[in-house]
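Chemist: Got a structure for you, written out below as C-alpha coordinates; questions coming shortly.
The values are calculated or read from the model by the stated rules, or taken from the named source; none is laboratory data. What you are looking at is a predicted structure, and each value in this text was computed from that prediction instead of being measured. Cβ placement follows ideal geometry from the backbone for every residue including glycine, while neighbour counts extend to all protein chains displayed. All accessible areas refer to the heavy atoms of the entire protein, side chains included, with ligands and DNA or RNA removed. Shrake-Rupley method; radii C 1.70, N 1.55, O 1.52, S 1.80 Å.
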Amino acid sequence: MPTVPPSAVTDAWNELNIEDDEKLAIHVAQFRAEQPVLAGFLQAAEEAIADRDDRGLVFFYGLWAWLAFKKCGGATHEVTEERIEAAWEENEEEMQELAAVDQRRWLHRARSLTSQYRQMALLGAMTESIMDPGLTDRPRSDDLSGIILLHVKTAIDALDGD
(Lines give C-alpha, C1' and ligand atoms only; values in the text may rest on other atoms or scores of the structure.)
Protein backbone atom coordinates (compact mmCIF):
# COMPACT_ATOMS: atom_id res chain seq x y z
CA MET A 1 0.00 0.00 0.00
CA PRO A 2 1.37 3.38 -0.92
CA THR A 3 1.49 6.28 1.46
CA VAL A 4 -1.80 8.17 1.62
CA PRO A 5 -0.91 11.61 0.24
CA PRO A 6 -2.08 14.83 1.91
CA SER A 7 -4.36 15.49 -1.07
CA ALA A 8 -6.32 12.27 -0.41
CA VAL A 9 -6.55 13.15 3.29
CA THR A 10 -7.96 16.59 2.44
CA ASP A 11 -10.28 15.28 -0.28
CA ALA A 12 -11.74 12.65 2.06
CA TRP A 13 -12.18 15.23 4.84
CA ASN A 14 -13.95 17.64 2.49
CA GLU A 15 -16.17 14.92 1.08
CA LEU A 16 -17.28 13.79 4.56
CA ASN A 17 -17.90 17.32 5.76
CA ILE A 18 -20.21 18.53 3.02
CA GLU A 19 -23.74 19.00 4.21
CA ASP A 20 -25.25 16.11 2.28
CA ASP A 21 -26.68 13.49 4.64
CA GLU A 22 -27.50 11.13 1.76
CA LYS A 23 -23.94 11.08 0.50
CA LEU A 24 -22.61 10.54 4.02
CA ALA A 25 -25.06 7.65 4.52
CA ILE A 26 -23.82 6.10 1.27
CA HIS A 27 -20.21 6.31 2.48
CA VAL A 28 -21.15 4.76 5.83
CA ALA A 29 -23.05 1.91 4.13
CA GLN A 30 -20.17 1.26 1.72
CA PHE A 31 -17.65 1.31 4.60
CA ARG A 32 -19.75 -1.15 6.62
CA ALA A 33 -20.12 -3.43 3.58
CA GLU A 34 -16.44 -3.39 2.61
CA GLN A 35 -14.95 -3.36 6.11
CA PRO A 36 -17.49 -5.03 8.45
CA VAL A 37 -14.93 -6.12 11.05
CA LEU A 38 -13.28 -2.70 11.21
CA ALA A 39 -16.66 -0.95 11.34
CA GLY A 40 -17.66 -3.27 14.19
CA PHE A 41 -14.43 -2.51 16.05
CA LEU A 42 -15.05 1.23 15.75
CA GLN A 43 -18.72 0.86 16.72
CA ALA A 44 -17.74 -1.09 19.85
CA ALA A 45 -15.31 1.69 20.75
CA GLU A 46 -18.16 4.19 20.39
CA GLU A 47 -20.32 2.23 22.81
CA ALA A 48 -17.57 2.42 25.44
CA ILE A 49 -17.66 6.22 25.41
CA ALA A 50 -19.82 7.36 28.29
CA ASP A 51 -20.62 10.90 27.18
CA ARG A 52 -23.21 10.78 24.41
CA ASP A 53 -22.04 14.16 23.09
CA ASP A 54 -18.69 12.61 22.16
CA ARG A 55 -20.12 9.50 20.50
CA GLY A 56 -19.61 9.24 16.79
CA LEU A 57 -16.08 10.61 16.77
CA VAL A 58 -14.22 7.29 16.69
CA PHE A 59 -16.39 5.94 13.89
CA PHE A 60 -16.15 9.20 11.93
CA TYR A 61 -12.35 9.21 12.09
CA GLY A 62 -12.27 5.55 11.03
CA LEU A 63 -14.55 6.40 8.12
CA TRP A 64 -12.24 9.29 7.19
CA ALA A 65 -9.20 6.97 7.24
CA TRP A 66 -10.93 4.39 5.05
CA LEU A 67 -12.07 7.01 2.53
CA ALA A 68 -8.59 8.56 2.35
CA PHE A 69 -7.10 5.12 1.62
CA LYS A 70 -9.78 4.50 -1.02
CA LYS A 71 -8.99 7.80 -2.75
CA CYS A 72 -5.45 6.64 -3.48
CA GLY A 73 -6.23 3.04 -4.39
CA GLY A 74 -5.86 1.51 -0.92
CA ALA A 75 -8.12 -0.36 1.50
CA THR A 76 -8.54 -3.13 -1.06
CA HIS A 77 -8.19 -5.90 1.53
CA GLU A 78 -10.83 -6.70 4.12
CA VAL A 79 -9.48 -5.91 7.57
CA THR A 80 -9.56 -8.95 9.84
CA GLU A 81 -9.85 -9.27 13.59
CA GLU A 82 -6.28 -10.55 13.69
CA ARG A 83 -5.01 -7.50 11.84
CA ILE A 84 -6.84 -5.18 14.26
CA GLU A 85 -5.52 -7.08 17.29
CA ALA A 86 -1.93 -6.94 15.99
CA ALA A 87 -2.19 -3.19 15.32
CA TRP A 88 -3.82 -2.60 18.73
CA GLU A 89 -1.08 -4.52 20.56
CA GLU A 90 1.69 -2.67 18.71
CA ASN A 91 0.08 0.69 19.45
CA GLU A 92 -0.38 -0.18 23.13
CA GLU A 93 3.31 -1.12 23.32
CA GLU A 94 4.27 2.22 21.80
CA MET A 95 2.03 4.03 24.30
CA GLN A 96 3.66 2.17 27.19
CA GLU A 97 7.08 3.03 25.79
CA LEU A 98 6.15 6.70 25.65
CA ALA A 99 4.66 6.61 29.15
CA ALA A 100 7.94 5.22 30.51
CA VAL A 101 10.11 7.90 28.89
CA ASP A 102 11.30 10.88 30.94
CA GLN A 103 9.16 13.90 30.12
CA ARG A 104 12.16 15.82 28.77
CA ARG A 105 12.82 13.07 26.23
CA TRP A 106 9.19 12.35 25.34
CA LEU A 107 9.02 14.40 22.14
CA HIS A 108 12.32 12.96 20.90
CA ARG A 109 11.07 9.40 21.53
CA ALA A 110 7.69 10.13 19.90
CA ARG A 111 9.47 11.47 16.82
CA SER A 112 11.69 8.41 16.60
CA LEU A 113 8.64 6.12 16.83
CA THR A 114 6.95 7.93 13.94
CA SER A 115 9.97 8.76 11.77
CA GLN A 116 9.38 5.78 9.47
CA TYR A 117 5.57 5.79 9.75
CA ARG A 118 4.13 5.71 6.21
CA GLN A 119 0.75 7.21 7.01
CA MET A 120 1.92 10.30 8.89
CA ALA A 121 -0.07 12.73 6.72
CA LEU A 122 -3.29 10.93 7.64
CA LEU A 123 -2.42 10.43 11.31
CA GLY A 124 -1.17 14.00 11.61
CA ALA A 125 -4.34 15.49 10.15
CA MET A 126 -6.50 13.36 12.41
CA THR A 127 -4.42 14.19 15.48
CA GLU A 128 -4.72 17.88 14.70
CA SER A 129 -8.48 17.57 14.24
CA ILE A 130 -8.91 15.64 17.48
CA MET A 131 -6.67 17.88 19.57
CA ASP A 132 -7.86 21.21 18.16
CA PRO A 133 -11.64 21.13 17.79
CA GLY A 134 -11.93 24.73 16.61
CA LEU A 135 -10.62 28.24 16.89
CA THR A 136 -12.91 29.20 19.78
CA ASP A 137 -12.35 26.06 21.84
CA ARG A 138 -9.29 25.18 23.88
CA PRO A 139 -7.18 22.33 22.50
CA ARG A 140 -8.15 18.93 23.86
CA SER A 141 -5.72 16.91 25.89
CA ASP A 142 -8.11 14.72 27.83
CA ASP A 143 -8.38 10.95 28.12
CA LEU A 144 -11.02 10.86 25.40
CA SER A 145 -8.53 12.31 22.92
CA GLY A 146 -6.09 9.54 23.78
CA ILE A 147 -8.78 6.89 23.40
CA ILE A 148 -9.83 8.28 20.03
CA LEU A 149 -6.22 8.46 18.83
CA LEU A 150 -5.48 4.88 19.90
CA HIS A 151 -8.51 3.57 18.01
CA VAL A 152 -7.85 5.77 14.97
CA LYS A 153 -4.21 4.77 14.69
CA THR A 154 -5.25 1.13 15.04
CA ALA A 155 -7.75 1.62 12.18
CA ILE A 156 -5.10 3.31 10.02
CA ASP A 157 -2.57 0.55 10.70
CA ALA A 158 -5.16 -2.16 9.97
CA LEU A 159 -6.08 -0.50 6.66
CA ASP A 160 -2.42 -0.05 5.70
CA GLY A 161 -0.63 -2.94 4.11
CA ASP A 162 -1.01 -5.50 1.37
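Chemist: Taking Cα pairs under 8 Å and at least six residues apart, what relative contact order does the chain come out at, in percent? Mind dumping the intermediate values first?
Modeler: Values: 142 pairs, mean separation 57.4, N = 162.
So the answer I get is 35 percent.
Chemist: Please give the calculated 222 nm ellipticity per residue for the chain, where each DSSP H segment of at least 4 residues contributes -39500 (n - 2.57) and the sum is spread over every residue; nearest 500 deg cm²/dmol? It would help to have the intermediate numbers written out before the result.
Modeler: Numbers: 8 runs with 110 residues, N = 162.
Roughly -22000 deg cm²/dmol at 222 nm, from the helical runs in the chain.
Chemist: Suppose R0 equals 25 Å. What FRET efficiency, 1/(1 + (r/R0)^6) with r the Cβ-Cβ distance, do residue 21 and residue 47 give to the nearest 0.05?
Modeler: Working: r = 23 Å, r/R0 = 0.90.
Once rounded, the FRET efficiency stands at 0.65.
Chemist: Ranked from the most accessible area to the least, with a 1.4 Å probe and all protein chains present, what is the order of 88, 13? Can you show the working numbers first?
Modeler: On the way: 88 60, 13 85 Å².
Highest to lowest solvent-accessible surface, that is 13, 88.
Chemist: In bins 5 Å wide, starting from 0, what share of all Cα pairs of the chain does each bin hold, as a percent?
Modeler: The distribution over the chain is 1, 9, 17, 22, 23, 16, 8, 3, 1, 0, given as percents.
Chemist: Now, a different point. Would you grab the residues whose amide H sits under 5 Å from the one on residue 117? Only those 5+ places off in sequence or on another chain, please, with H modelled 1.01 Å from N.
Modeler: The answer is none.
Chemist: Step through the residues of region 24-35 one at a time and calculate ³J(HN,Hα) from phi using the Karplus curve (6.51 cos²θ - 1.76 cosθ + 1.60, θ = phi - 60°), rounding each to whole Hz and writing x for Gly and Pro.
Modeler: Here the 3J(HN,Hα) series is 4, 4, 5, 4, 4, 5, 5, 4, 4, 6, 7, 10 Hz.
Chemist: Compare the Cα positions of 25, 112, 129 along the charge dipole of the chain (+1 at Cβ of Lys, Arg; -1 at Cβ of Asp, Glu; about the Cα centre) and return the one farthest towards the positive end.
Modeler: Selected residue: 112.
Chemist: OK, next. Quick one: if you stick a label point 7 Å off each Cα along the C-beta vector at residue 128 and residue 112, how many nm between them?
Modeler: About 2.7 nm, to one decimal.
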